[in-house]
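FYI, it's all coordinate maths here, none of it is from the lab. The model shown is predicted, which means the values in this text are computed figures rather than measured ones. Backbone-built Cβ (ideal geometry, glycine too); neighbour counts: all protein chains shown.
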Amino acid sequence: MQLAFKATGTSWRVDIPDSTAQGVADDLFSRVKSRIEEFEEAYSRFRKDSIVGKISREAGEYRLPDDAAPMMSLYRELYEITGGLMTPLVGQVLVDAGYDPAYSLKPKETIMEAKSWDSALSYTHPVLRVKEPIQLDFGALGKGYIIDIVTGMIRKSGITEYTVDAGGDIATTKALRIGLENPENIKEVVGMAEVRNQSICGSAGNRRAWGKYHHIINPKTTESPKHISALWVVAETTMLADALSTALFFVSVEKLREKYTFECAILFADKSAFITPKFPGKFFAV
């Protein structure tokens, strides 16, 4: 049984076996869609009525949902590891570059670098204190986190076999073969991966790209990294895989593996490739 819908700016698909769906699917799917809506009401920078939308207009104290704690903790860790390059404070940089709620894709003449974490905000669960109106963006790991929340809901319903796919970020308990998309021709693949009881997330400069920018921007240089064409990360949680698929644009695999357990495959702009020894897949000739 499958549920397909649009949310978080992308296409979602939730698959569960027909044999285990009887009596739970309709209620489960309804709760899943409601839970994703709640998540967007809190964290979407594309909604004026979200908490993030309110933070962009007014300084002060904001009580974040209980689910904010793991997300904020991982963001802070990666902020420190990347020297401030992975940060929710990149939101204003993205907006100024043209990746705004209206999707204008028209950069401003001057794009200021992001403020530092401690100069702009502080977080002591569950309260986020912002010292001035600031545009936050949780896109670097927010989608991965809500996928994990959804898979938790599925398991609590007694379903042990599932696949959740949100725009190519995938959590699955099945043995699932996944094509690694060619960033130069999205109708082709440059490799394959097979995951089971894991999550896989990818990131590429050809997606959400305009002018000299794509959806990942260095908050200090205000430029999009161009040395990586595409990469894929496999980890135990989708939030971690999602987060690292951004962090790897800024720091090395070795540095991140000092803290986290993951596998990855990277295709560089110069056509060279790198793959960790236990990545569950391979590149074809590239």
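I want the local charge near Ile147. Using Cβ-Cβ distances under 10 Å, sum +1 for each Lys or Arg and -1 for each Asp or Glu among the other residues.
That works out to -3.
Relative contact order, percent, of the range 168-283 when contacts are C-alpha pairs under 8 Å separated by at least 6 residues?
Reported relative contact order: 25 percent.
Could I have the simple spin-label model distance between Ile186 and Phe268, label points 7 Å from Cα toward Cβ, reported in nm to one decimal?
Calculated label separation equals 2.7 nm.
So for Arg35, Arg129, fewest C-beta neighbours within 10 Å to most, what's the order?
Arg129, Arg35
How many lysine pairs are close in the range 168-283, with Cα atoms under 21 Å apart and the two 8 or more places apart or on different chains?
Here the count comes out as 13.
Count charges around Pro17 for me, please; just the other residues with Cβ under 13 Å from its Cβ, Lys/Arg as +1, Asp/Glu as -1.
-2
Test of understanding: given the chain, find the longest segment containing no chymotrypsin sites (Phe, Trp or Tyr not before Pro) that are in a DSSP loop and have at most 15 other Cβ atoms within 10 Å.
That gives 104-283 as the longest site-free run.
What spacing in nm lies between the two simple spin-label points modelled at Thr10 and Met112, each 7 Å away from Cα in the Cβ direction?
Reported label-point gap for Thr10 and Met112 is 3.1 nm.
Starting from the Cα-Cα distance between Glu132 and Gln2, subtract it from 0.36 nm times their residue separation and give me the gain in nm to one decimal.
In short, 42.4 nm is gained.
Cβ under 12 Å from Glu132's Cβ, Glu132 left aside: what net charge do those residues give with Lys, Arg +1 and Asp, Glu -1?
+3
Say the dipole of the chain comes from +1 at the beta carbon of Lys and Arg and -1 at that of Asp and Glu; which of Ile16, Met239, Ile154 then lies farthest toward its positive end?
Met239
Can you tell me which lysines have their Cα less than 16 Å from the Cα of Lys54? Leave out same-chain residues fewer than eight positions away.
List returned: Lys131.
Set the Förster radius R0 to 22 Å, insert the Cβ-Cβ distance between Asp49 and Leu105 as r into 1/(1 + (r/R0)^6), and round the FRET efficiency to 0.05.
Working from the Cβ atoms, E equals 0.40.
Loop-only GluC sites (Glu not before Pro) in the range 1-64, please: DSSP not H, G, I, E or B, and at most 13 other Cβ atoms within 10 Å.
Glu58
Excluding residues fewer than 8 places away in the same chain, name every one of the aspartates and glutamates whose C-alpha is closer than 19 Å to that of Lys106.
Excluding near neighbours in sequence, the set is Asp96, Asp137, Glu223.
Determine the dipole magnitude for the chain: charges of +1 sit on the beta-carbon of Lys and Arg, -1 on that of Asp and Glu, nothing else is charged, the reference point is the Cα centre, and the result goes in debye to the nearest 20. Let's see the in-between values first.
Working: 35 positive and 37 negative charges, 64 e Å.
It comes to approximately 300 debye.
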